[in-house]
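To keep things clear, I will list the structure first and then write my remarks on it.
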Amino acid sequence: MECHLPSATEPARANPLVPPARVTNPALQEEPLEIAPGVWWVGVRLAQDNFQCHAYFIANGSEGVLIDPGSPLTIEGTLAKLRRITDLDAIRWIVCHHCDPDICACLPRLSEVLQRPDVQVVTEWRANALIRHYGHRFSSYLVEEHGWCLPLAGDRRLEFQLTPYLHFPGAMVSYDTFSHTLFSSDLFGGFVPDNDVLESEDAAYILENARPFHQHYMPSRELLSAGLARVQSRWPEIERIAPQHGHIVAPAIVDEVFRGLGNMDCGVFCLADADVDLKRLLLIAEARQRLTEALMRQSNPRAMLRAMATILESTGQASDCELAVDLPEDGWTTWTTIDSHPLRRLPNQDWYHICLLGVPAMVLALQGVGSTDPFDPDMERMLREFAESMRPWVDHLLEEQRKAKQLAVLNTAAFCDPLTGLANRRALQELPLPLGYSLIELDLDHFKSINDTCGHDAGDRVLKQIAQVLNASVREQDHTYRLGGEEFLVLLPEADRDTALLVAERIRLSVRQLNLEGDAPGGRITVSLGVITKKATQPCDFSQLMEQVDRALYAAKDSGRDRVCIADDVSLSCG
């Protein structure tokens, strides 16, 4: 529902919520309008002006309050409305929420008209420092010196709340405790296409009109949402919002409009060096907001980059992106939208690079912007600022990477033989076993003679070469272990007896061919091997299999060494 202003020939209505006919030709002389008990709208509509400035009056006996009185363009019409309500001598206070001329430029005229010697301008000290330059005669009532409050008759009072940088450093709002009306100054204000509508119950309509005003004048969404939260926290029972510009916010939509305004992106002109194409700046601002929201939701680099690519594509500036970080230990590492793992390389050299200095150094690479194509400098500035905000996110990734490396080191220490690099017995115990598999256990023949004759260093070198033989002889899916000393094991998933024998024989022959000159007596060494196979349907405990393959290994040694024995029948299967 909308409340329309009465025309010059239409009397003021007792109930402002009952809409009269729409006025299409605003006139200077109009009736005042009571918008809440004892609260009057006394503003003046200017023809063909969508930046209407509202003045308000609180009727309070001989202690009347004039709020945001206006400029020379409107003050005569405001004074005419005031005379219809009360004698001008009833005006005791003039509240100026900030120091702009649309509020204060009429003060010299009021100095002539208001004859009371005790009239004071109610404001905050930062605004007062500028208001005095309008050349008025009134003394100042500085709200910060009076507990941010102006006592009125009875229990009624005006309470004030600082709203810094919205849009002036000393800007403030005020709250009438009697009518629960918030006089919000520039907050909730807007450019209005139909200035005959004073009060509206259409939240979407109010917010749409408020958007360009706030995006122009308010510095950031963070400051705006913080200021609104402060206002709502102090006065949770706001029933009506009376801004200096735009439309009065009806009681039914107060909370909805608070929420909508708090989510509005502001400060779009901080993206540019000059007042340029607003549509383009709003597109950049929207992209910045979406990027920030994506950064809050995404923890995976690939998912984050995909979100960035989608957002940047909507701006027409890029179709894909990469993020490269100069990691302290790994060098340049690049995350892409395609690869599931980061790549050890610089970002794509054919893409447009936004280089970010700092620790670590970062590069945001954009596809779709050629080296000779112009890139929007305001978009680049926004992306540079956004990428800087990604540093905590990148630091988190680096910390996760550092922890993963530490875990890998610990796992290596816990599950890897430090001499040969093979897995150890603990790793074997942690391995989930397949249903069917074969085991090959091998032991070096006469290894003690190597240590005794050539020394323990030579023995270590021999063990390393045996590990290399194992890795080269087994299948890709097989697992190799050093069980301790000169004893090794190979686990072959899904391998039948013939496959296991083939691998075992390959190991035996490869060891025989090793040239160990200087590290083993005669420069040669042999191994004995035991083999056992477990079928998928065969119930058998792993420890029992190990005992059997161990017996097969010692059967190979007892039967002359340098041979393979099968655990199924060690007396007949050695060769």
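Counting only residues 5 or more places away or on other chains, whose amide H sits under 5 Å from the amide H of residue 34 once H atoms are built in the peptide plane?
The answer is 41.
Using 0.36 nm per residue of separation minus the Cα-Cα distance, give me the extension gain between residue 146 and residue 399 in nm, one decimal.
Working: separation 253, 0.36 × 253 = 91.08 nm, distance 5.13 nm.
That pair, residue 146 and residue 399, stretches by 86.0 nm at full extension.
Once phi is turned into θ = phi - 60°, what whole-Hz ³J(HN,Hα) does the Karplus curve with 6.51, -1.76 and 1.60 give for every residue of region 330-341, x standing for Gly and Pro?
Listing the rounded values in order: 9, x, 5, 10, 10, 9, 10, 7, 9, 7, 6, 10 Hz.
Residue 349 to residue 329: extension gain in nm, 0.36 nm per residue of separation minus the Cα-Cα distance?
Working: separation 20, 0.36 × 20 = 7.20 nm, distance 2.22 nm.
Net length gain for the segment: 5.0 nm.
Taking amide H positions as placed 1.01 Å from N in the peptide plane, with prolines and chain starts having none, which residues 5 or more places from residue 165, or on another chain, fall under 5 Å of its amide H?
170, 171
Work out the FRET efficiency for residue 299 and residue 84 from their Cβ-Cβ distance, taking R0 = 56 Å, and round it to the nearest 0.05.
On the way: r = 63 Å, r/R0 = 1.13.
Step by step, r from the Cβ atoms, then E = 0.30.
Expected output is a single nm value to one decimal: the length gained when fully extending between residue 509 and residue 536, i.e. 0.36 nm times separation in residues minus the C-alpha distance. What is it? It would help to have the intermediate numbers written out before the result.
Numbers: separation 27, 0.36 × 27 = 9.72 nm, distance 2.93 nm.
Extra length from residue 509 to residue 536 when fully extended: 6.8 nm.
Tell me, which longest segment in the chain has none of the trypsin sites (Lys or Arg not before Pro) that fall in DSSP loops with at most 15 further Cβ atoms within 10 Å?
138-343
I need 187, 224, 397 ordered by Cβ neighbour count within 10 Å, fewest first. Each step should come with its number before you reach the end.
On the way: 187 27, 224 24, 397 21.
Fewest-to-most ranking of 187, 224, 397: 397, 224, 187.
Above 19 Å lies some portion of the pair distances; for region 270-398, what is it as a whole percent of all C-alpha pairs?
Values: 3792 of 8256 pairs.
Of all Cα-Cα pairs in region 270-398, 46 percent lie more than 19 Å apart.
Nearest 5 is fine: what % of DSSP beta bridges in the chain come out antiparallel, could you say? Write down the numbers at each step before the final one.
Details: 63 of 85 bridges.
If I count the DSSP bridges inside the chain, around 75 percent turn out antiparallel.
Per the Kirkwood definition applied to all pairs of different Cα atoms, how many angstroms is the hydrodynamic radius of region 425-566? Write out the running numbers ahead of the final one.
Working: mean 1/r = 0.0654 Å⁻¹.
Evaluated over region 425-566, this radius sits at 15.3 Å.
Tell me, what HN-Hα J-couplings in whole Hz come from the Karplus equation 6.51 cos²θ - 1.76 cosθ + 1.60 at θ = phi - 60° for each residue of region 176-192, using x for Gly and Pro?
Karplus-based 3J(HN,Hα) across region 176-192 equals 8, 5, 7, 9, 6, 9, 9, 8, 9, 6, 6, 4, 6, x, x, 7, 10 Hz.
Which ³J(HN,Hα) values, rounded to whole Hz and listed in residue order, are derived for region 246-251 from phi using the Karplus coefficients 6.51, -1.76 and 1.60 in 6.51 cos²θ - 1.76 cosθ + 1.60 with θ = phi - 60°, glycine and proline given as x?
Calculated HN-Hα couplings, in order: x, 10, 5, 8, 5, x Hz.
When the Cα centres of region 484-523 and region 456-482 are compared, how far apart do they sit, in Å?
Here the answer is 8 Å between Cα centres.
Going by how many other beta carbons lie within 10 Å of each one, how would you line up 452, 445, 186, 155, fewest first?
Numbers: 452 12, 445 18, 186 26, 155 8.
So the residues, fewest neighbours to most, are 155, 452, 445, 186.
Mind sorting 355, 99, 53 by how few other Cβ atoms lie within 10 Å of their own Cβ, fewest first?
Details: 355 13, 99 21, 53 25.
Fewest-to-most ranking of 355, 99, 53: 355, 99, 53.
For the chain, what is the calculated [θ] at 222 nm in deg cm²/dmol (nearest 500), taking -39500 (n - 2.57) for each run of four or more DSSP H residues and dividing by its residue count? Write out the running numbers ahead of the final one.
Numbers: 16 runs with 205 residues, N = 575.
Taken over the chain, the calculation gives -11500 deg cm²/dmol.
Expressed as a whole number of Å, what is the distance separating the alpha-carbon centroids of region 378-428 and region 323-341?
Value for the Cα centre distance between the two parts: 12 Å.
How high is the FRET efficiency from residue 155 to residue 259, r the C-beta distance, R0 30 Å, rounded to 0.05?
0.45
Bin all alpha-carbon pair distances of the chain at 20 Å intervals from 0 and give each bin's fraction as a whole percent.
17, 28, 20, 14, 14, 7, 0
So which GluC sites (Glu not before Pro) in region 477-523 are both in a DSSP loop and have at most 10 other Cβ atoms within 10 Å of their Cβ? Don't skip to the end; give the middle numbers.
On the way: sites: 486, 487, 494, 505, 517; in loops: 486, 494, 517.
Answer by residue number: 517.
Each reported figure results from applying straightforward, stated rules to the coordinates on display, with no laboratory input. Since this is a predicted model, take the numbers as computed values, not measurements. No Cβ is skipped: glycine too gets one built from the backbone with ideal geometry, and neighbour counts run over all protein chains shown.
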